[in-house]
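Visitor: This is the structure, below, for whatever I ask next.
Values quoted throughout were computed directly from the atomic coordinates according to the rules given, and no laboratory measurement underlies them. Since we're looking at a predicted model, the values are computed, not measured. Ideal geometry is used to build each Cβ from the backbone, glycine not excepted, and the neighbour counts take in all protein chains shown.
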Amino acid sequence: MYNSLKWSNIVAVVFSLFVSLQLLQAQEVSYETTSVDGQTYYKYRVQPGEGLYAISRTFSVSVAEILRHNPDANTGLQSGQELLIPVKLQSTAPANASTARPAQVVGQSPVQRAVLGSQQVVPSDQNITFNHTVVSGETVYSISKMYNTTVEEIYRLNPSSRESIAEGQILVIPQRRVISEVKEENYRYHTILPKETLYSLSRTYSLKPEDVIRANPGLSVETFQIGKTIRIPFFESYETILPFEEQTTHITHRVARGETLYSLAREYNVEVAEIRQLNPMLSEGLKTNMELLIPAKRSAVEGHSRQEESAANRLLTQGIPSERVDVMKVGLLLPFLDETGRAHLRLQEYYEGFLLAVKELKKRGGDIELFVFEIGKGNDMKKLSSLLETLEMQSLNLIVGGVNDAQIKLLSDFSRSHDIKYVVPFSQSNGEVLNNGNVFQVNSLSQALQSKASKVFLSTFRNANVIFVRGGDNDKAEFVSQLQNELRRNNIRYETVNYSSTLNTTLNAVLYENRENIIVPTDGDSNTLRLLMDQLKEVQEANSSYTIRLFGYPEWQTYSSLIEDYHLFGTYIYTPFFVESTNPSTRDFNDTFQKWYGRMPMDTYPGYAMWGYDTALFFLSALQRYGAGFEQQIDRVGVESLQFAFHFERMNNWGGFINTGLFLIHYDPNGNVIKMDKSR
């Protein structure tokens, strides 16, 4: 690449870098701190030509945090302008900051503490392993699927993860290894290091910044943060790479009269052995005018382009322009003839609800072409494979469908190769959403749902007296464990009692008269719940000064015979879907459905007709309003759904979106049913 480069040029580059470094060091001062409303800040003056992104990298805080604490900066920065930079950790401040705060600061998130305070924040060699910071709702299994490894490999590198993992915990993950004759997509993973930028990372892997952005559609100023993981494209996983600052290249030096290998080694700051290794002809001696290859640092030879750095940084703040869709071409692909477990009846009803949403969107001015296909049942992919070869399928803007893992995998690969948005309507367990940025999974992961429900519980009942009642099959042990961990992390006490015939006596010992008492059963079964409520009635009758509330599970909404008792105890349940039977929109939907299809929807949990209606209404509205790139505006797609809570989030920088929508339903003592959207 560098066939000839005079030493004088190298000296000039190195001298320039040296002078720049000296100037930067001369400009450094001790940053004064100040405290406002209990938050500690560094007082920082903007340097000429300096932007928000550069300042955010200096202090390891996000641009959003700087803007949140300095609203005047929204209109641009001025040289000399004073900014308040929130103090996070001692290690996040510039090295010469004179008044560093203790390690844990008010307002600091668990993830920030883990990433910036852990001994593992810098992987020893990312050619072998990298780091993953656990986010809410993840399991070791889902993480193994995300990184194409195994649960046992993660256990081997992280022995404590056999017991449990927690949000903010850092796991060591084995680097992806693919050495086979089967052609696979070539990529690897990279944990973002301190002081690393999109520009420097791109140079490390000899890529364009645009390549990294395309491989990580979720990458932005907010997500390009220390400790986050990204996918590196066009890179064989088994190749070895060094950070850009450690990479070397070769320059050509023509030997002048009087020069020796020793003088050349000293001149270039390398070892004589390194020069000999690159130049076998030296075995015959050093000669004047001989051209030698000399090892040199790429960073010194190539220099640093501030213009290219700024251009790369702008990519993190600019979304990809979304192409408007005049005629929305949508494919609904399901195994409509699969009669296993009467699945064909449920899928037919899903389709019928889907059609009602299409009708509604057309009424709102949408131009829609809907292609509906039967794709075969089981793992026989012949019909689906043949279908995907047609021009109609390749011209779609949106695909909805697939039921089993084989169908979903085939549709996911098709959506990736043709850049088509793909909605997985039913499955929870497939891993495609973790590795395909075009996938939207409607049915929430149970772990993510439980994690969000735990946080909603904490914010709703922080000051209550929490009592777990253990009994029955304890089939909610996973959720209960997660909730109890959340309570312990926030220093909230709770009691645990065993269900028995004398439970009313046991409860009297742990109930408070001056506080709300929240009872959480560890079993969701209706019979266990009925027996529990009978005991609670006895307690309430014996002492009316107790305020007793129940907290429970999605399936409780189906126990119609217990609804009256729910109101008696002001019961709360969490659920990703709920239908308000008295809502006018619900009545209108049922009336329209009966008018079109001559019957009422089946009584299933959840209802498939409304499932199809909600899904079509949400994604067709997104496509109509924001075009083919609607994922960039996914938080702004507000629709009045009938049954589902919708809130789509990326689980990583390169994967798709999972619905984490959640309702909190309150059966209040006055007979009202209050549905609260707790998705955000």
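Visitor: For the chain, with equal point scatterers placed on the C-alpha atoms only and solvent neglected, what are the log10 I(q)/I(0) values from the Debye formula at q = 0.06, 0.08, 0.11 1/Å, to two decimals?
Guide: Debye curve over Cα of the chain, log10 I(q)/I(0) at q = 0.06, 0.08, 0.11 Å⁻¹: -0.46, -0.78, -1.29.
Visitor: Separate question: Can you tell me what share of the DSSP beta bridges in the chain is antiparallel? A percent to the nearest 5 is fine. Let's see the in-between values first.
Guide: Values: 39 of 74 bridges.
Around 55 percent antiparallel, to the nearest 5.
Visitor: Considering the options 645, 627, 566, tell which one lies farthest towards the positive end of the dipole of the range 549-680, charges being +1 on Lys and Arg and -1 on Asp and Glu at the Cβ, about the Cα centre.
Guide: About the Cα centre, the residue reaching furthest to the positive side is 627.
Visitor: Return the calculated 222 nm mean residue ellipticity for the chain, to the nearest 500 deg cm²/dmol, obtained by summing -39500 (n - 2.57) across DSSP H runs with n ≥ 4 and dividing by the residue count. Intermediate results must be reported in sequence, preceding the final value.
Guide: Numbers: 23 runs with 236 residues, N = 680.
Estimated from H runs of four or more residues: -10500 deg cm²/dmol.
Visitor: Exactly which chymotrypsin sites (Phe, Trp or Tyr not before Pro) in the range 439-541 are in a DSSP loop and have at most 16 other Cβ atoms within 10 Å?
Guide: Passing both the DSSP loop test and the Cβ count: 512.
Visitor: So how much slack lies between residue 81 and residue 255, counting 0.36 nm per residue of separation and subtracting their Cα-Cα distance, in nm?
Guide: Length gained, residue 81 through residue 255: 57.4 nm.
Visitor: At 0.36 nm per residue, minus the direct Cα-Cα distance, what do residue 406 and residue 470 gain on full extension? Give it in nm, one decimal, please.
Guide: 19.1 nm
Visitor: Once whole DSSP H runs in the chain are found, which of them have Cα atoms spread over 15 Å or more along the helix axis and a mean Kyte-Doolittle score of at least 0.0?
Guide: 7-27, 608-626
Visitor: Take the Cβ-Cβ distance between residue 463 and residue 208 as r, set R0 to 41 Å, and report the resulting FRET efficiency rounded to the nearest 0.05.
Guide: Numbers: r = 53 Å, r/R0 = 1.30.
E between residue 463 and residue 208, to the nearest 0.05, is 0.15.
Visitor: Treating each Cα of the range 402-479 as an identical point scatterer and ignoring solvent, apply the Debye formula and state log10 I(q)/I(0) at q = 0.15, 0.21, 0.22, 0.26 Å⁻¹.
Guide: Log10 of I(q)/I(0), two decimals: -0.67, -0.91, -0.96, -1.18.
Visitor: Between the DSSP loop rule and a limit of at most 15 other Cβ atoms within 10 Å, which GluC sites (Glu not before Pro) in the range 313-377 are left?
Guide: When the GluC sites (Glu not before Pro) of the range 313-377 are filtered for loop state and at most 15 Cβ neighbours within 10 Å, 323, 339 remain.
Visitor: Another one. Counting other Cβ atoms within 10 Å, keep those with at most 11, restrict to DSSP loop, and tell me which trypsin sites (Lys or Arg not before Pro) in the range 418-491 are left. Each step should come with its number before you reach the end.
Guide: On the way: sites: 421, 452, 455, 462, 470, 476, 488, 489; in loops: 462, 476.
Listed in order of number, the matching sites are 462.
Visitor: With the crude spin-label approximation of a point 7 Å out along Cα→Cβ, what separation in nm comes out for residue 150 versus residue 317?
Guide: It works out to 4.7 nm between the two label points.
Visitor: Enumerate the amide H contacts of residue 40 below 5 Å, restricted to partners 5 or more residues apart or on another chain; note that Pro and chain-start residues carry no placed amide H.
Guide: The answer is 87.
Visitor: Taking R0 as 56 Å, what FRET efficiency do you get between residue 592 and residue 247 from their Cβ-Cβ distance, rounded to the nearest 0.05?
Guide: 0.30
Visitor: Something else about it: Along the Cα→Cβ direction, 7 angstrom out, place labels at residue 490 and residue 391. What is the inter-label distance in nm?
Guide: 5.8
Visitor: What dipole magnitude, in Debye to the nearest 20, does the range 540-680 give about its Cα centre under +1 on Lys/Arg Cβ and -1 on Asp/Glu Cβ? Present the calculation step by step, with values, prior to reporting the outcome.
Guide: On the way: 10 positive and 15 negative charges, 84 e Å.
Dipole about the Cα centre, nearest 20: 400 debye.
Visitor: Rounded to the nearest 20 debye, what is the charge dipole size of the chain about its Cα centre when +1 sits on each Lys and Arg Cβ and -1 on each Asp and Glu Cβ?
Guide: Values: 65 positive and 76 negative charges, 268 e Å.
Dipole about the Cα centre, nearest 20: 1280 debye.
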